[in-house]
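Written out below as structure tokens is the structure these notes cover.
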Amino acid sequence: MPSAPLKNIRVLDLSRVFAMPFAGANLADLGAEVIKIDTCQAQFMDTTRTITGPFPDNQPGELWWEQGGTFQNLNRGKRSLTLDLRSDEAKAILKDLVRVSDVVLENFTPRVMARFGLDFKSLRAEKPDLIMVSNTGYGHSGPWSNFGAMASALEPTHGTGAFMGYMEAGPDGRLTEGQVPNKMGNSYSDFLASWTALGALMAALLRRARTGEGQWIDLAMYQTGTSVIGTGLLDFTFNGRRTLRIGNRHPVWSPHGVYPCQGHDQWAAIAVRNQDDWLALCQTMGNPMLAADARFADPIDRRQHQEELDEIIAAWTSVRTSYQVTTLLQEAGVPAGAVLTAKQVLTDPQHLERGYFETVHNPPEVGLRPKGYVGRGWKFSKSEASIKGPAPQLGEANDYVLGEILGIEPARLLALAADWTIGNTPEGGKAPGSVPLDEQVELGSITAYDTNYLAELPQV
Amino acid sequence: MPAGLLSGIRVLDLGSGISGPWCAKILADYGAEVIKVEHPGSGDDARRIGPFAADDPNPEKSLTFLYLNTNKKGITLDPSTPTGRKLLNQLLADADVLVENYPPAQSKELGLDYDTLSAINPQLVVTSITPFGQTGPYRDYQATDIVTYALSGLMYHSGDSDKEPLRNVLDQSFYVAGANAAAATQVALFARLTSGEGQYVDVSASECLGGHLVQPLPYYNYMGAIKGRRPVRGAGFDELMPARDGYVAPSVQGSQPWSTVAGLIGVPEMLDEKFSTGAGRIANGEELKELLIKGLSQWDRMPLFLASGEQRLVFGMAQDAGDLVNCPHLQARDFFVEVNHPVVGSAQYPGMAVRLPGETITDSQPAPLLGQHNSEVYGQQLGYSPENLVALRNNNVI
């Protein structure tokens, strides 16, 4: 019987939004008991509970704070304890809980944790071998440490825009390196932080098992984001180069890019690495004579004439689906792949065969159909890892955590409930408004929608 | 001296290019002893990837290789020869982890599949990193970074909505895969503490990237909506906008009122009540964008960024490689480490992805020259005599 690797680990997850909640969700998948520290005070709640959505059929329901699809993804398999950390009693409870936990995750700016008296130094006094990840924009040291951050503004700050951007027409009308920085978007900085936190935490857990020592992990997303572009930084240090914005082209290979396919906003990526790939591409396009064209003889010529070459390739791809282009070229050994939409990802044969999406059932009162949720990028041959359940309902573990784990008397629990420290509903919150999907298309926040989407998805 | 979290863990890095070496570098930075195993003569593919120091395409000067392989020892062997295999097996007997990123068919051919490896050392954790994983219809697909990024679903959301999807930065697919692999490898080491057994870890780069889709996926399976790339319309907040010396990312996010944002940018008309709500900024987007552009044209990036941080706003700024190398904040955090390499000389390299207060991290060992530690590892560790080392070299085993 395979066992979950982190089954004896207890994690207090004080974090909000994306980065650390997702790290916590992965720890729960691995069997850790992850207690999300929630709050009943609507204005202080995790915004993924309140405003991020998406809501089922775009309609926040009666229990709207349990329903957000992003919230469900990021908090699956956790327990929920509500505390109002502004009160001394709640802080004392949290400290009691730290004593019987292994890991704390948090992403407040440094001054907030210090104000709460919940910084690493204070918590280590309760639990000498504590492992704690403090995730911030700029870290707990250095002149910018108290600056707040959001991934969208952080991404260009940590250098992404220097190495990403569309090409622009130069003085001779031909495409040349672009001047305008761009972004990967999709909160890239947050997810780098999730993966980095998991790695650092595991290293700390391994050492704790060996020596009994704890560890504080000061995870600055600015620094993490910089560490993954080391090649670019060294190119400045050694060669004085500052940017590389060449769209979808490659510095050496050609052709290289995405090409339009049949359908609305459909594309396929093609990467020709060498002469074999080039001959196979020409052959597959039914245009073997292209290989004899002097403009495209070697990668240097092809890069110089890539605009002409791109038009020839686009003429071939645009009468095929992105999946057809992928299959035809892969059969010929040429790297190619459809640029999948989320809809296509949810139905992609590779994911279906590998069981990438795991079905989660919510209790009926939550008002969510069973759905597939994204799993992890790694499979173990022996250890068990899976989504353990839905995201927790607000305060569902109050009795378990406060009563069973901490042994707090029922009378005191009633008093805590009376002042909204613990509870199951938001104090002073109301369901977010819903923008009709047609309007969202108009605003550009979505590109299209299917009213019959359930029929498009695999059965769960 | 790297950190001491993984002291005593031995890793064989049979990776090439980015994903495997990045995984092993993360483990090395946490204190594991990493031996990089390269093919005699050719070595790691990254040795042939540009850019190169002084733009000299010399296999010891690849900047990607130099960055991804600090704090590792380097040996050469050819696992497809009997003697090379014998050396590898001797190393495996003492190793805790093997990391590799060959295509699935090739790792099997080279005898690097889990069945073969676990027969030699049942406690070994074997981590394979591939674009799509070891199973499924795409397992043997030819893939590069752009192809992996495309099929993961992430690329569709990168770039501008009125243009084609835009490739990520400097092969990010493989950094995401490597970071995931480092975490998963350590999970397997942690499981070994109780089970006493090693195991196989199958890492799929495209699945690692797919994890980033926690918004677009429920948009579809909760309400049938397809999220796309960022729209070009709007007032320009949370977008890259021109300032006097480059681009900045002004933002209305955070807990501060609109008046703080408008006041900082310094255009009095922006204080108009009609811009003070999100709906008002959308309704008056074009007018607001003009005012914003006018205001930002009076600012350089750094003073605006610092002023916004002090006023608890969350603005960003587009920094290039030179800005980052000279960043006072990163320097104050001791992010950069001095690395002295015998061929390219001494330079400041980016350091660890996290700061570990209390750990003494003094300097970094340079990436190994091809076969640099053959004598040390085969001679001192495995006990080969100087004569036998000569024999191995003469027969192109190492």
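If you take the residues of the stretch B:206-249 that are aliphatic (A, V, I, L, M) and facing chain A (nearest Cβ under 7 Å), which of them is surrounded by the fewest Cβ atoms within 10 Å (Cβ to Cβ)? Spell out the reasoning first.
Taking the stretch B:206-249 and keeping what is aliphatic (A, V, I, L, M), we get B:209, B:213-214, B:217, B:223, B:225-226, B:232, B:235, B:240-241, B:243, B:248-249.
Still in the running and facing chain A (nearest Cβ under 7 Å): B:213-214, B:217, B:223, B:225-226, B:240, B:249.
On the way: B:LEU213: 25, B:VAL214: 27, B:LEU217: 27, B:MET223: 23, B:ALA225: 25, B:ILE226: 21, B:LEU240: 24, B:ALA249: 29.
Restricting to residues being aliphatic (A, V, I, L, M) and facing chain A (nearest Cβ under 7 Å), the top hit is B:ILE226.
From A:LEU27, A:LEU94, A:LEU81, grab the single residue that is in contact with a strand residue (DSSP E or B) (Cβ under 8 Å, 6 or more places away or on another chain) and assigned to a strand (DSSP E or B).
Working: A:LEU27 fails: assigned to a strand (DSSP E or B); A:LEU94 fails: assigned to a strand (DSSP E or B).
The match here is A:LEU81.
What tally of residues in the stretch B:382-398 results from selecting those that are at positive phi and at pLDDT 85 or above?
First, pick out the residues of the stretch B:382-398 that are at positive phi: B:383, B:396.
Now drop any that are not at pLDDT 85 or above, which leaves B:383.
Of the residues in that region, 1 qualify.
Looking at the stretch B:40-56, which of its residues are buried (at least 16 other Cβ atoms within 10 Å of the Cβ) and at pLDDT 95 or above?
Taking the stretch B:40-56 first, the residues buried (at least 16 other Cβ atoms within 10 Å of the Cβ) are B:40, B:43-49, B:51-53.
Hits for the stretch B:40-56 are B:GLY43, B:ASP44, B:ASP45, B:ALA46, B:ARG47, B:ARG48, B:PRO51, B:PHE52, B:ALA53.
Tell me yes or no: at least one residue of the stretch B:281-289 is away from chain A (no Cβ under 12 Å) and under 24 Å from B:ASP245 (Cβ atoms).
yes
From B:ALA188, B:ALA183, which residue is at the interface with chain A (Cβ under 7 Å from one of its Cβ atoms), part of a helix (DSSP H, G or I) and touching a residue at least 40 places away in the same chain (Cβ under 8 Å)? Lay out the reasoning, then the answer.
Working: B:ALA183 fails: touching a residue at least 40 places away in the same chain (Cβ under 8 Å).
Testing whether each residue is at the interface with chain A (Cβ under 7 Å from one of its Cβ atoms), part of a helix (DSSP H, G or I) and touching a residue at least 40 places away in the same chain (Cβ under 8 Å) leaves just B:ALA188.
Counting just the residues of the stretch A:156-179 that are in contact (Cβ under 8 Å) with a residue 40 or more places away in the chain and more than 7 Å from every other protein chain (Cβ to nearest Cβ), which one comes out surrounded by the most Cβ atoms within 10 Å (Cβ to Cβ)?
A:HIS158
Within the stretch B:307-322, is there a residue that is surrounded by fewer than 20 Cβ atoms within 10 Å (Cβ to Cβ) and out of contact with any Gly (no Cβ under 9 Å at 6 or more places or on another chain)?
For the stretch B:307-322, residues surrounded by fewer than 20 Cβ atoms within 10 Å (Cβ to Cβ) and out of contact with any Gly (no Cβ under 9 Å at 6 or more places or on another chain): present.
Do you know which of the residues in the stretch A:20-73 that are under 28 Å from A:LEU6 (Cα atoms), under 19 Å from the mean Cα position of the chain (by Cα) and of a type in the set (A, V, I, L, M) is farthest from the other protein chains (Cβ to nearest Cβ)?
A:VAL34
State whether the residues of the stretch A:185-204 include one that is in the same structural domain as A:PHE22 (by TED's automatic domain parsing) and β-branched (Val, Ile, Thr).
Among the residues of the stretch A:185-204, at least one is in the same structural domain as A:PHE22 (by TED's automatic domain parsing) and β-branched (Val, Ile, Thr), which makes the answer yes.
Identify, by number, the condition in (1) among the hydroxyl-bearing types (Ser, Thr, Tyr); (2) in a helix (DSSP H, G or I); (3) within 26 Å of A:TRP267 (Cα to Cα) that B:SER107 doesn't meet.
(3)
Just one of B:TYR219, B:TYR200 is hydroxyl-bearing (Ser, Thr, Tyr) and within 23 Å of the chain's Cα centre (by Cα); which is it? Can you show your working first?
Values: B:TYR219 fails: within 23 Å of the chain's Cα centre (by Cα).
None of the others qualify; the one that does is B:TYR200.
Among the residues of the stretch A:356-399 satisfying the criterion of being free of Cβ contacts under 8 Å to residues at least 60 places away in the same chain and either among the β-branched types (Val, Ile, Thr) or over 25 Å from A:VAL345 (Cβ atoms) (or both), which is nearest to the other protein chains (Cβ to nearest Cβ)?
Among them, the one singled out is A:SER381.
Yes/no per residue for (1) more than 18 Å from B:PRO103 (Cα to Cα); (2) more than 9 Å from chain A (Cβ to nearest Cβ):
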site	(1), (2)
B:GLY8	yes, no
B:LEU14	no, yes
B:TRP22	no, no
B:ASP45	no, yes
B:ARG48	yes, yes
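Please tell me if A:ASP293 is within 28 Å of the chain's Cα centre (by Cα) and assigned by TED's automatic domain parsing to the domain that holds A:VAL334.
On the way: within 28 Å of the chain's Cα centre (by Cα): no; assigned by TED's automatic domain parsing to the domain that holds A:VAL334: yes.
In short, no.
Out of the helices (runs of 4 or more DSSP H) lying entirely within the stretch A:171-266, which hold 1 or more residues that are farther than 30 Å from A:THR109 by Cα and in contact with a strand residue (DSSP E or B) (Cβ under 6 Å, 6 or more places away or on another chain)?
Details: elements: A:188-211, A:221-227, A:230-239.
Those helices (runs of 4 or more DSSP H) span A:230-239.
Listed here are the residues, each with its yes/no results for (1) closer than 18 Å to A:GLY225 by Cβ; (2) in contact (Cβ under 8 Å) with a residue 40 or more places away in the chain; (3) in a helix (DSSP H, G or I).
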residue	(1), (2), (3)
B:ALA279	no, no, yes
B:GLU287	no, no, yes
B:GLN298	no, yes, no
B:GLY309	yes, no, yes
B:GLU338	no, no, no
B:GLY358	no, no, no
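Going through A:GLU365, A:GLU404 one at a time, which residue ends up being over 30 Å from A:GLY69 (Cβ atoms) and either under 24 Å from the mean Cα position of the chain (by Cα) or outside any loop (DSSP other than H, G, I, E, B) (or both)? Spell out how you get there, then give the answer.
On the way: A:GLU365 fails: over 30 Å from A:GLY69 (Cβ atoms).
Being over 30 Å from A:GLY69 (Cβ atoms) and either under 24 Å from the mean Cα position of the chain (by Cα) or outside any loop (DSSP other than H, G, I, E, B) (or both) holds for just one of A:GLU365, A:GLU404, which is A:GLU404.
Matching residues to (1) crowded, with 21+ Cβ neighbours inside 10 Å; (2) in the same structural domain as A:ILE93 (by TED's automatic domain parsing); (3) under 29 Å from B:ALA188 (Cβ atoms):
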residue	(1), (2), (3)
A:ASN26	yes, yes, yes
A:LEU30	yes, yes, yes
A:LYS36	yes, yes, yes
A:CYS40	yes, yes, no
A:THR52	no, yes, no
A:TRP64	yes, yes, no
A:ASN73	yes, yes, yes
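The values are calculated or read from the model by the stated rules, or taken from the named source; none is laboratory data. Here the structure is a predicted model, which is why all the values come from computation and not from measurement. We place every Cβ from the backbone using ideal geometry, glycine too, and count neighbours over all the protein chains shown.
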